[in-house]
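Just so it is clear, none of the values below were taken in a lab; they were calculated from the coordinates. Fair warning: this is a prediction, and the values are worked out from it, not measured in the lab. Note: ideal-geometry Cβ built from the backbone for every residue, glycine included; neighbour counts use all protein chains shown.
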Amino acid sequence: MSLDEKTDFFEEIVTILVDNKDLILYNDDHNTFEHVIDMLVKYCDHSNIQGEQCAWIVHNNGKCSVKRGEFNKLKPICEALLEAGLTAKIE
């Protein structure tokens, strides 16, 4: 691999790492575990087990990163979670 190819490769990696954001789900007092799990399965492509684990993390820690990716891909997912009554934010 030439120096130019290595430089391009590392620039691409840095871009990927810097451009990625986290979709954070926050704890609230009005949603049931079942609703949270169902919404994570529906909108974040989680399995039932993964959704349940995230729901417990949110319950115990107050928040959890439920998806990571580019802002433009996370935005419609975040909006869907918000419309479903969950508290979410892209960071």
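Numerical summary
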| item | result |
| --- | --- |
| Extension gain from SER2 to PHE33, taking 0.36 nm per residue of separation minus the Cα-Cα distance | 5.9 nm |
| Neighbourhood net charge (12 Å Cβ-Cβ; Lys/Arg +1, Asp/Glu -1) for GLY85 | -4 |
| More than 17 Å apart - percent of Cα-Cα pairs taken over the chain | 51 percent |
| Segment PHE71-GLU91, extension gain: residue separation times 0.36 nm, minus the distance between their alpha carbons | 6.3 nm |
| Folded to 0 to 90 degrees: helix 33-44 orientation relative to the chain principal axis, Cα | 30 degrees |
| Helix-only [θ]222 nm of the chain, DSSP H runs n ≥ 4, -39500 (n - 2.57) each, per residue, nearest 500 | -20000 deg cm²/dmol |
